[in-house]
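Read-outs throughout are calculated quantities, based only on the coordinates presented, and are distinct from any laboratory measurement. Everything quoted here is computed from the prediction, not taken from an experiment. Note: ideal-geometry Cβ built from the backbone for every residue, glycine included; neighbour counts use all protein chains shown.
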Amino acid sequence: MPLLRVQDLAVVFGRRTALRDINFELFAGETLGLVGESGSGKSTLARAVLRLVRPARGRVEFLEQNLLACSPLQMHNIRRDLQIVFQDPLASLNPRMTVGDAIEEPLKIFEPALDAGARTHRVGAMLERVGLAAGMADRYPHEFSGGQCQRIGIARAMILNPKLLICDEPVSALDVSIQGQIVNLLLDLQRDAGMAMLFISHNLAVVKHLSHRVLVIYRGRIVEAASSDRLFDCPAHPYTRALLAAVPALPGADRARGTAPELLETGPPPNIGCGFRHRCPFAVAVCASDVPPLIQIEPGHWAACHLAHELMAKTAILEL
Amino acid sequence: MIPTLQIEALSVGFSQRDAMIQAVDQVSLRVAPGECVGIVGESGSGKTQMFMAAMGLLPSNASATGSVRFEGKEILAVNSALKRVRGSKLTMIFQDPMTSLTPHLQIGTQLAEVLVHHNGASWGEARIMAGRMLDRVQIPESKRRLHEYPYELSGGMRQRVMIAMSLLCRPSLLIADEPTTALDVTVQAQIIELLRAVREEFGMALVLVSHDLSVVAGLAQRINVMYAGRIVESAPAEELFRHPRHPYTAALLKCIPSVSGQRRARLQTLDGQPPRTGEKLEACAFAPRCPRSAERCRIERPQLKAKAASDVACHFPERS
């Protein structure tokens with residue numbers, strides 16, 4: 001039984017459709033990476049799952065309960081298992097609250113039976129768990145660096161032992177030397193606490209380091225879904241290939257495989273047919289008329305491209 | 001040969017309440033004609049302030065000492081000399097192309113103004129030349145774009161407009177400060193390609209400032225690594241990547257996640273935090289995080305030995 005199942009989800013803002021036909025499952029203890037460029041709908045998807053935006057259609061099932069049909073009270077109770085860490089570590093903490101109070105607040109709400117001493121103990125232990133000192137609980141967010149603030153954000157999200165942690169670009173605002181510390185912290189927490197993660201990032205390398213499976217999203221649709229290994233070794237969708245090819249490599253490092261010719265940019269994005277065809281170097285006639293459905297091209301590997309089979313076959317030949 | 005840019009013993013300080021915060025500390029740098037120099041450092045390392053000082057763009061609470069010579073002429077705090085070259089022969093583009101453009105003026109007007117102001121061109125001529133320059137930076141339908149406002153362009157297109165604007169007067173040096181940081185990875189690759197192409201075409205020198213070593217890797221011939229307001233290592237790009245000599249450079253290279261790396265593997269990290277900007281340091285700024293630090297590092301601050309082809313500010317560098 002999946003922990004989270006999203007079915008036919010669509011989110012509409014005014015006349016703009018931000019997400020459509022979103023289907024995926026996330027299992028307990030699993031990390032699902034979500035990659036895409038800015039404006040592709042990654043964060044909207046996270047917000048729709050948390051019911052921070054109202055989807056126009058679809059179902060979001062968490063532990064077999066449809067969140068979109070939940071009463072406010074039911075939703076309140078589910079939220080303890082459904083936590084999020086945001087991109088901007090400082091902006092997501094209340095500047096007038098000590099970090100101890102910020103981490104303690106979820107306990108006050110969801111575990112009212114705990115007395116103050118027990119809460120303080122839990123907060124101290126959590127601070128240490130994320131690599132800070134228990135004595136730092138009395139300080140304010142501005143006294144911490146970006147990386148430390150992100151640790152505090154993670155501590156606040158993890159204090160209730162949620163079943164699902166959504167991370168929306170949690171390392172994008174951090175320096176390279178600090179990013180790795182946060183990635184390792186998330187890996188350690190997952191090993192010990194066993195939560196599932198929905199990890200959103202535009203940084204493919206970071207996603208690869210954390211994820212079991214990856215979804216690639218382009219202009220509001222899932223265009224490819226696969227295990228992390230298959231996606232990075234054998235990308236099927238031209239957009240995924242372009243994304244991988246565009247990652248700047250250090251000299252001496254292997255370039256990502258499946259490199260694509262440079263993306264074209266001919267005119268405005270199309271409204272009919274495949275949404276990627278105006279940038280796609282492989283586009284053919286059918287791409288202009290039909291939206292490619294997300295089809296399974298090998299077990300566990302899905303792509304929304306009319307030419308996915310051919311492109312995969314070509315990659316296979318090139319690799320021989 | 002007169003270097004295009006020669007910075008000597010440049011220090012930049014910010015006065016805050018009663019304290020003086022040292023952002024750049026005695027930095028020297030030389031950019032030869034046509035050369036591409038990369039400046040890499042984390043946030044707070046002083047990389048941006050160094051060039052803001054050179055361009056005379058520091059806020060009023062900042063002060064700069066030392067010397068900045070552009071094509072042999074002193075421009076630091078010499079307003080007349082700076083005004084003659086800034087925006088024409090010496091240009092700079094910034095991270096956020098939205099806030100770099102005036103929101104209520106058409107692109108064409110903003111571009112033409114540069115030529116009218118610096119070269120005394122007529123508005124009619126200037127608009128035609130602006131259109132041609134948009135073609136050079138591969139903006140499709142340049143004629144129509146001239147009449148558009150910044151909000152009508154994507155982030156990548158805006159950065160292309162900024163590049164076009166910086167090239168109008170055929171500069172001898174373009175300083176690009178994090179030009180791709182706000183952009184998606186596929187667009188980032190295109191902008192880097194564009195910078196490479198225009199540098200060759202115009203034969204200008206380029207300073208590329210970034211927090212991301214891999215962005216600089218593809219373009220820079222020489223790389224300077226900054227830490228806590230100083231350049232700690234300077235070497236030809238290839239050599240720096242093959243044999244980093246400063247422990248900070250070596251650690252930074254190791255902690256960059258790679259798309260060809262192992263899935264769900266812990267990342268190498270650099271423990272600790274950089275010193276707070278402006279902390280007065282008698283010792284090596286990196287010593288608290290350095291695996292090789294010894295007694296001497298905590299007493300005496302290591303200096304660059306200047307004038308050597310590759311240079312490192314470390315008492316115990318890795319052997320080259």
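A few remarks follow.
- Qualifying trypsin sites (Lys or Arg not before Pro) for region B:49-134 [loop in DSSP, other Cβ within 10 Å: at most 13]: none
- Nearest 10 degrees, 0 to 90: helix A:116-129 Cα axis against chain A principal axis: 40
- Looking at chain B alone, DSSP beta bridges between its own residues are antiparallel in about 60 percent of cases.
- With neighbour counts taken as other beta-carbon atoms within 10 Å, the residues A:PHE282, B:PHE316, A:PHE199, A:PHE62 rank, fewest first, as B:PHE316, A:PHE282, A:PHE62, A:PHE199.
- For region B:151-166, putting each phi into the Karplus relation 6.51 cos²θ - 1.76 cosθ + 1.60 with θ = phi - 60° gives couplings of 5, 7, 10, 6, x, x, 5, 4, 5, 5, 4, 4, 5, 4, 4, 6 Hz, in residue order, rounded to whole numbers and with x for Gly and Pro.
- Shape category assigned to region B:1-101 from the gyration tensor of Cα positions, a/c cut at 1.5: rounded
- Rounded to the nearest 10 degrees, the angle from helix A:146-158 to the longest Cα principal axis of chain A is 80 degrees.
- Extension reserve of the B:ARG276-B:GLU201 stretch, reckoned as 0.36 nm per residue once the Cα distance is removed: 22.9 nm
- The trypsin sites (Lys or Arg not before Pro) of region B:207-302 that meet both conditions, a loop assignment by DSSP and at most 12 other Cβ atoms within 10 Å of the site Cβ, are B:ARG266, B:ARG276, B:LYS280.
- Loop sites here are trypsin sites (Lys or Arg not before Pro) outside DSSP states H, G, I, E and B with no more than 11 other Cβ atoms within 10 Å. The longest part of chain A free of them is A:97-320.
- Amide proton proximity set for A:SER211, modelled H, under 5 Å, gap of 5+: B:ARG264
- Sequence-distant residues sharing a close amide H with B:VAL207 (under 5 Å, placed H): B:VAL37, B:LEU174, B:ILE175, B:ALA176
- Each semi-axis of the equivalent ellipsoid for the protein assembly as shown is √(5λ) with λ an eigenvalue of the Cα gyration tensor; in descending order they amount to 41, 34, 23 Å.
- Spin-label model, A:ASP88 to B:LEU105: label points 7 Å out along the Cα-to-beta-carbon direction sit 2.8 nm apart.
- DSSP-defined beta bridges in chain A - what % are antiparallel, rounded to 5: 60
- Fraction of antiparallel bridges per DSSP, the protein assembly as shown only, in percent to nearest 5: 60
- Derived scalar couplings ³J(HN,Hα) [region A:174-188; Karplus, 6.51 cos²θ - 1.76 cosθ + 1.60; whole Hz; x for Gly, Pro]: 9, 5, 3, 5, 9, 3, x, 4, 6, 4, 5, 4, 5, 4, 5
- Look at B:ARG158, B:ARG196 and count the other Cβ atoms within 10 Å of each Cβ; fewest to most, that gives B:ARG196, B:ARG158.
- If you plug the beta carbon distance of B:GLN26 and A:ASP115 into 1/(1 + (r/R0)^6) with R0 = 60 Å, you get a FRET efficiency near 0.60.
- Estimated FRET transfer efficiency when R0 is 30 angstrom, pair B:TYR149-B:ILE128 (beta carbons, to 0.05): 0.90
- Value of [θ]222 nm, deg cm²/dmol, for chain A, DSSP H segments ≥ 4, -39500 (n - 2.57) each, nearest 500: -10500 deg cm²/dmol
- Across chain A, C-alpha contacts under 8 Å between residues 6 or more apart give a mean separation that, scaled by the residue count, equals a relative contact order of 18 percent.
- Efficiency of FRET from Cβ geometry, A:ARG139 and B:ASN61, R₀ 25 Å, rounded to 0.05: 0.40
- When you restrict to C-alpha pairs under 8 Å that are six or more residues apart and normalise by the size of region A:164-250, the relative contact order lands at 23 percent.
- Summarising the label geometry, the points placed 7 Å from Cα in the beta-carbon direction at A:SER289 and A:GLU310 lie 1.5 nm from one another.
- Pair B:SER80, A:SER71: separation of 7 Å Cα→Cβ label points (nm): 8.2
- Prolate/oblate/rounded call for region B:186-234, Cα gyration tensor, a/c under 1.5 rounded: oblate
- Residues A:TYR140, B:TYR151, arranged from fewest to most other Cβ atoms within 10 angstrom of their Cβ, appear as B:TYR151, A:TYR140.
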